[in-house]
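As structure tokens, the structure follows; a few thoughts come after it.
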Amino acid sequence: MATERAQEKRQFGHRARLALTPAQIRLVDAQAHAVRTMWNLLHDWWTMLPKGKRTLAAADAAIRQARRDIDWLAALPAQAAQAVLKTYFQAWKNCWDGRAEAPNFKARFRTVMSLEQRAAHRKSFRKPGQETSNRLKRTYEQIASLRATAKRRASDWQHRTTTHLARTYGVIVVERLDIPNMVRSARGTIENPGKNVAQKSGLNRSISQEAWGRTVTMLTYKAARQGGTLHKVPAPGTSRRCSMCGFTTPGSRESQAVFVCKNEGCGWSDNADRNAARNVLHLYRMSHALVPAAGRAVGRRPRGVKPATAR
């Protein structure tokens with residue numbers, strides 16, 4: 001009977017969302033930065049030493065001394081520091097055995113761009129007509145995987161956020177943005193070359209990644225399903241107009257995040273996005289909402305947008 005019970009025993013795994021307090025979030029963030037810095041300091045120390053002095057005991061002594069000398073490294077527990085040393089030493093063993101590349105410095109963010117730079121570097125060694133190497137193919141696969149993950153996360157966030165907004169508010173007001181015109185290239189022509197092409201190019205990529213049009217599309221059909229409505233108002237001037245006095249004065253947008261009215265006798269200051277949102281709502285209340293395009297069924301999910309039944 002005991003054997004039968006042992007055979008019937010099952011192991012099940014489950015996921016749980018970890019809810020941290022603001023203080024715990026700051027502590028975990030500080031420890032994560034300390035781990036990355038510890039790795040980079042250890043790598044710098046290891047590569048500068050002669051090969052004869054690269055020992056595990058010397059590295060352990062160096063880590064202990066660093067935790068005593070640098071205050072914010074002390075936020076990292078001693079066991080975690082030892083785990084960094086163990087992982088770093090194992091990375092070198094994998095490199096010596098030919099299973100992986102040599103360890104390198106850890107950047108704060110792992111982006112698709114660094115993998116694309118690696119692919120461009122490896123592609124430079126390929127001769128014309130030569131078949132793509134397996135290493136370059138693996139790099140392309142990593143790039144595709146990271147892009148797909150980023151797209152899924154962005155879509156998931158959009159579905160959750162738009163569902164929450166549609167269930168919470170009966171009336172939703174947005175700006176009518178000409179997104180195709182906003183992401184138009186600033187390269188210009190040979191006769192009239194554009195200005196700040198690189199900066200405009202980066203802005204265009206950022207706007208495209210945010211997928212503003214898809215967010216509005218989701219809000220439209222989800223609001224209709226919940227019995228609400230979505231309205232669009234003209235976009236010009238909403239970010240530069242003061243929502244308190246209604247005047248538009250030069251220099252009021254002091255930064256990307258702060259709005260300070262320069263009109264005498266006003267001096268209204270607020271978050272720039274909140275000030276623009278107040279202007280958008282004011283335009284709707286003043287009956288400046290644009291008439292929606294005819295011919296589209298209300299509440300119908302557009303083609304190419306996945307349903308949000310599981311959101």
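Suppose R0 equals 41 Å; then what is the FRET efficiency for Asp71 and Ser287 from their Cβ-Cβ distance, rounded to the nearest 0.05?
Numbers: r = 60 Å, r/R0 = 1.45.
Approximately 0.10, to the nearest 0.05.
Give the relative contact order (percent, whole number) for the stretch 206-276; include only Cα pairs under 8 Å separated by 6+ residues. Spell out each step's value before the answer.
Working: 67 pairs, mean separation 14.9, N = 71.
Once divided by the residue count of the stretch 206-276, the mean separation gives 21 percent.
Return the FRET efficiency for the residue pair Glu131, Asn181: r is the Cβ-Cβ distance, R0 is 51 Å, and the value is rounded to the nearest 0.05.
Details: r = 43 Å, r/R0 = 0.84.
Once the sixth-power term is evaluated, E becomes 0.75.
Cα gyration tensor of the stretch 9-144, axes a ≥ b ≥ c as square roots of the eigenvalues: rounded (a/c below 1.5), prolate (a/b > b/c) or oblate? Spell out each step's value before the answer.
Working: a/c = 1.96, a/b = 1.30, b/c = 1.50.
Verdict is oblate for the stretch 9-144.
Shape call for the stretch 77-136 from the C-alpha gyration tensor, a ≥ b ≥ c root eigenvalues: rounded (a/c under 1.5), prolate (a/b greater than b/c) or oblate?
Numbers: a/c = 4.85, a/b = 1.98, b/c = 2.45.
Oblate, because a/c is 1.5 or more while a/b does not exceed b/c.
Run down the aspartates and glutamates and flag those whose C-alpha is under 16 Å from the C-alpha of Lys232, throwing out any fewer than 8 positions away in its chain.
Straight-distance partners of Lys232: Glu175, Asp178.
May I ask you to sort Ile63, Ile143 by Cβ crowding, counting other Cβ atoms within 10 Å and putting the fewest first? If you can, show how the numbers build up before the last one.
Values: Ile63 22, Ile143 17.
Result, fewest neighbours first: Ile143, Ile63.
Please say if the stretch 202-244 is rounded, prolate or oblate, where rounded means a/c under 1.5 for a ≥ b ≥ c the square roots of the C-alpha gyration tensor eigenvalues, and otherwise the choice is prolate for a/b larger than b/c and oblate otherwise? Don't jump to the answer; show the numbers that get you there.
Numbers: a/c = 3.53, a/b = 1.19, b/c = 2.96.
Here the stretch 202-244 falls in the oblate category.
For the residues Leu41, Leu219, Leu20, Leu49, what sequence is obtained by ranking on other C-beta atoms within 10 Å, fewest first? Numbers along the way, then the final one.
Numbers: Leu41 17, Leu219 21, Leu20 11, Leu49 14.
Ordered by Cβ neighbours within 10 Å, fewest first: Leu20, Leu49, Leu41, Leu219.
Ranking Tyr169, Tyr88, Tyr221 by Cβ neighbours within 10 Å, fewest first, what do you get? Before the final figure, lay out the partial values.
Numbers: Tyr169 15, Tyr88 18, Tyr221 21.
If I rank by nearby Cβ atoms, fewest first, I get Tyr169, Tyr88, Tyr221.
Could you tell me which residue out of Val35, Gln24, Ala57 lies farthest along the dipole of the stretch 22-108 toward its positive end? Charges go on the beta carbon: Lys and Arg +1, Asp and Glu -1, centred on the Cα centre.
Sorting the options by dipole projection puts first Ala57.
For the stretch 22-108, with only Lys/Arg (+1) and Asp/Glu (-1) charged at the beta-carbon, what is the dipole magnitude about the Cα centre, in debye rounded to 20? Numbers along the way, then the final one.
Working: 13 positive and 7 negative charges, 27 e Å.
Dipole about the Cα centre, nearest 20: 120 debye.
How much FRET efficiency would the formula 1/(1 + (r/R0)^6) give for Leu27 and Gln82, where r is the Cβ-Cβ distance and R0 is 25 Å, rounded to 0.05? Mind showing how you got there, number by number?
Working: r = 19 Å, r/R0 = 0.77.
E(calc), rounded to 0.05, equals 0.85.
If you add up the charges near Ala276, with Lys and Arg at +1 and Asp and Glu at -1, over every other residue whose beta carbon is less than 11 angstrom from its beta carbon, what do you get? Could you put the intermediate results ahead of the total?
Working: positive: Arg240, Arg241, Arg253, Arg274, Arg278; negative: Glu175, Asp270, Asp273.
Surrounding charge for Ala276 is +2.
Can you give me the C-alpha center-to-center distance between the stretch 218-275 and the stretch 38-69, rounded to a whole angstrom?
Between the Cα centres of the stretch 218-275 and the stretch 38-69 lies a distance of 53 Å.
Only the coordinates and a few stated rules stand behind these numbers; no lab work does. A quick note: this is a predicted structure, and the numbers were derived from the prediction, not measured. Please note: Cβ atoms are built from the backbone with ideal geometry, for glycine as well, and neighbour counts cover all protein chains shown.
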